[in-house]
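In what follows, a structure is listed as structure tokens, so that the remarks can point back to it.
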Amino acid sequence: MAKGSEHDYTAPADKLRVLVIDDEKNIRSTLSLCLEQTGCHVGAVSSAEGALHALAQQTYELAFLDLRLGDSNGLDLIPKLLAESPNLIIVVMTAYATVDSAVEAIKRGASDYLPKPFQPAQIRHVVAQSVQRRDLKRQVNDLESRLQQTTPEADLESDSPKVRGLLEIAARAAVADVPVLLRGESGTGKTVLARRIHSLSPRRKHPFVVVNCPTLSEELLTSELFGHVRGAFTGAVRDQPGRVEAAEGGTLFLDEIGEILPALQAKLLRFLEEKEFERLGENKARKADVRMIAATNRDLENHVRTGLFREDLLYRLNVIDLQLPPLRERPEDIPRLARRFLLFFAKSARRQPQELSPAAEEALMSYSWPGNIRELKNAIERAVILWPAQVIGPEAFPAHISARVKSTESPKIGGDFSLEDIEREHIMRVVGRSATLDDAAAVLGIDGSTLWRKRKKYEG
């Protein structure tokens, strides 16, 4: 449990990082102790402001959030926490449990709801589930890195003057063969830009190797980067080269470099300055000809001030410093990106490409996209899967996106629409919000075969 400061604490990254947010000191202490006994790294804060500050300082994977924080409402804090850390698992706690508050917490993005008083077994269960989710996400991230060339990413063509200016600088930086630091919120396309720089560089015929820094402990990340020798740690049954050696002659991309701990930062600094490294468990200095590109969504200057990041490493990394704008600052690109994703996912589903209705496009343009391009891609994929009609309406998107639309072109009772138009619209809406076709048929009061025929008719 943190001592002194509410949130200052460092621990190996393979421990589950848990933030306790509760204005009652006894609850913070008891819950923190229980979590530490399960092997978690624990930070504890008493206020909404403290929680947001803690998340800005380091990554947490799980948060226990009190529904009542003094004069603050924990429900109002949920979207702010997710905006700061989109992958955060939030468990809401309260001694005043009601069905309505539980439903509202889930709607706002919480993963679970825990009434007070709780038992240690309940906490252990939540932790176990969170570890499973984290490990699964690591596997997914690994698979995603292997499928970079086959899944749609943010293309770098843009109508935004900001992005166009950025790409011009990136093109000049590509041939300079110096370290590049890419900054920007999660999902803004930092990996895509890193690949673009590599493809325009003299190293383009050599490997582009990605290392996702937050997914591994310090020891495993050191091994992943620099390799290890047999016996260096438990499970090291043979000598293994690292990603630095795999990237020989090419580019090493360190994603989310702000998450690595100071001990490894010192080794990275040495490598940048001398192009030398040692495999974990040996004393032999090795050389590698590798260009480094790093990316972060953190404020590294602030990390320097708080001692979380080495100043000399920051200066060495940001020879060229590029800031990617969030999607909300380049709204002119939203329709083009959406259409690109529509085409890709329609092709994957082996169906005719769909199109967005004006109302759907309005909803996309009105939303702030805290998850940026990645969130847009996920929203489009969901719509393609769930919306059967050829024209996608705003109802195909999650409620927090579709609610942004101010008007729709849906047929209105009494308007100049045929009965067929109204039937088509009604059927597509019901199917779109139903879990199964049987559920939709039950709502419509028709049998499944009739619904199937009407869908085929209206989908063309």
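Rule-based calculations on the coordinates, nothing more; no lab input. Computed from a prediction, not measured in an experiment: that's the story for all the values here. As a convention, Cβ positions derive from the backbone with ideal geometry for all residues, glycine included, and neighbour counts pool all protein chains shown.
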Taking θ = phi - 60°, what integer Hz values does the Karplus form 6.51 cos²θ - 1.76 cosθ + 1.60 yield along region 26-39, in sequence order, with x for Gly and Pro?
5, 5, 4, 5, 5, 5, 4, 4, 4, 5, 4, 5, 8, x
Three-way shape label, region 17-143, alpha-carbon gyration tensor, a/c 1.5:
rounded
Among DSSP beta bridges whose residues both lie in the chain, state the antiparallel percentage, nearest 5.
10 percent
P(r) for region 161-325, please, calculated from all Cα pair distances in 5 Å bins and given in %.
2, 9, 18, 22, 21, 15, 8, 4, 1, 1, 0
On a 0 to 90 degree scale, rounded to 10, what angle separates helix 419-433 from the longest Cα axis of the chain?
30 degrees
For volume of the Cα convex hull per residue in Å³, with candidates (i) 223; (ii) 186; (iii) 205, the value calculated from the shown model is option (ii)
Dividing the helical contributions, -39500 (n - 2.57) per DSSP H run of n ≥ 4, by the residues of the chain yields a 222 nm value, nearest 500 deg cm²/dmol, of -14000 deg cm²/dmol
Against the longest principal axis of the chain, how steep is helix 334-348, in degrees 0 to 90 to the nearest 10, with axes from Cα atoms?
80 degrees
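Is there a pair in Lys15/Lys80; Lys162/Lys267; Lys107/Lys162; Lys15/Lys162; Lys107/Lys347; Lys80/Lys267 whose C-alpha atoms are over 30 Å apart, and which pairs would that be?
Over 30 Å Cα-Cα: Lys162/Lys267; Lys107/Lys162; Lys15/Lys162; Lys107/Lys347; Lys80/Lys267.
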Please give the charge dipole size of the chain, origin at the Cα centre, charges +1 on K and R Cβ atoms and -1 on D and E Cβ atoms. Round to the nearest 20 debye.
1200 debye
What is the log10 of I(q)/I(0) for region 153-244, computed with the Debye formula using one identical point scatterer on each Cα and no solvent, at q = 0.16, 0.20, 0.23 Å⁻¹?
-0.79, -1.01, -1.17
In degrees, nearest ten, helix 372-386 long axis to first principal axis of the chain (Cα):
40 degrees
For Leu69, which sequence-distant residues (separation of 5 or more, or a different chain) have an amide H within less than 5 Å of its own amide H, given hydrogens modelled in the peptide plane?
Gly74
Note, region 107-124: 3J(HN,Hα) by Karplus (6.51, -1.76, 1.60, θ = phi - 60°), whole Hz, Gly/Pro = x, goes 4, 7, x, 5, 9, 7, 9, 10, x, 8, x, 10, 9, x, 4, 5, 5, 4
Run the numbers on region 19-71 and let me know its relative contact order in percent, using alpha-carbon pairs under 8 Å that are six or more apart.
50 percent
